[in-house]
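Engineer: Let me begin by handing over the structure; questions about it come next.
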Amino acid sequence: MHNSLIINKKNKTIHLCLGYLKTFTQPNRMATAKTAAKTATKKTGNTGKMENSEFHEFFIDELKDIYWAEKHLVKALPKMKKAATSEGLASAFGKHTSETQEHIATLEEVFNLLGEKAAAKKCDAMAGLLEEADSIIEDTEKGTMVRDAGLILAAQKVEHYEIATYGTLRVFAESMGHDDVVTLLTKTLDNEKATDLALTEIAVGAVNAQAAEE
Ligand SMILES: [Fe+2]
Ligand SMILES: [Fe+2]
């Protein structure tokens with residue numbers, strides 16, 4: 001009886017892995033799916049009570065992805081602050097640096113609540129967005145408002161990525177009944193949305209008009 005359960009779980013894992021291979025063609029997604037499937041098997045074997053373990057492990061993998069993203073963003077924001085022309089944008093980047101530190105701490109709390117070790121998994125999307133921010137700094141002249149307009153564009157792409165991620169992860173947590181995690185993810189999500197709005201206000205309030213006159 002016990003053996004047949006393991007065989008069933010194994011079959012389920014292989015099926016899941018193939019399903020993901022069809023859905024995700026990027027190498028990192030394949031690696032994520034394989035790791036998730038492997039861990040799912042292990043977890044089920046250890047505890048025997050994680051009914052929806054594939055979904056749970058996928059959720060954990062995505063938390064690791066955004067954890068990596070936040071940890072790298074917190075290093076990039078001070079560079080963006082230094083590159084900014086206007087005081088308003090520099091101070092917005094400064095403010096969001098400390099808020100991003102809070103997002104990292106919040107994710108660590110989430111991992112802790114879920115009984116998981118906080119671990120980062122490379123997020124190719126954030127790596128690309130931060131590379132784009134670097135290019136904007138390289139391609140624009142120091143001390144110009146065009147640079148600020150470009151930095152706002154780069155930062156808003158980052159915020160929108162975070163909003164999409166936290167929005168989805170919050171719904172995942174809701175559907176799994178992790179109410180404490182939902183509260184924590186909502187707090188971060190609200191801050192990302194507020195940051196996006198603040199950036200729009202800086203752009204519309206002064207930066208874009210001044211950039212147009214340069
Ligand atoms: Fe964040
Ligand atoms: Fe953010």
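Engineer: Out of residues 5 or more away from Thr140 or on other chains, whose amide H comes under 5 Å of its own, with H placed 1.01 Å from N in the peptide plane?
Structural biologist: Amide H neighbours of Thr140: none.
Engineer: Could you list the GluC sites (Glu not before Pro) in the stretch 62-147 that lie in coil according to DSSP, counting only those with at most 12 other Cβ atoms within 10 Å of their Cβ?
Structural biologist: Values: sites: Glu62, Glu70, Glu87, Glu99, Glu102, Glu108, Glu109, Glu116, Glu131, Glu132, Glu138, Glu141; in loops: Glu116, Glu141.
Counting only loop positions with at most 12 other Cβ atoms within 10 Å, the GluC sites (Glu not before Pro) in the stretch 62-147 are Glu141.
Engineer: Calculate one ³J(HN,Hα) per residue across the stretch 63-68 by plugging θ = phi - 60° into the Karplus curve 6.51 cos²θ - 1.76 cosθ + 1.60, and present them in order as whole Hz with x for glycine and proline.
Structural biologist: Taking θ as phi minus 60°, the curve returns 5, 5, 5, 6, 5, 4 Hz for the stretch 63-68.
Engineer: Something else: Enumerate the calculated ³J(HN,Hα) couplings along the stretch 196-209 in order (Karplus 6.51 cos²θ - 1.76 cosθ + 1.60, θ = phi - 60°), each rounded to whole Hz, writing x wherever the residue is Gly or Pro.
Structural biologist: 4, 5, 4, 5, 4, 4, 5, 5, 6, x, 8, 4, 4, 5
Engineer: I need the phi-derived Karplus couplings for the stretch 82-92: 6.51 cos²θ - 1.76 cosθ + 1.60, θ = phi - 60°, integer Hz, Gly and Pro marked x.
Structural biologist: Karplus values, whole Hz, x for Gly and Pro: 5, 7, 5, 8, 8, 4, x, 6, 4, 6, 5.
FYI, it's all coordinate maths here, none of it is from the lab. Just so it is clear, the structure is predicted and the values come from calculations on it, not from any experiment. When we count neighbours, we look across all protein chains shown, and the Cβ atoms used for this are built from the backbone with ideal geometry, even at glycine.
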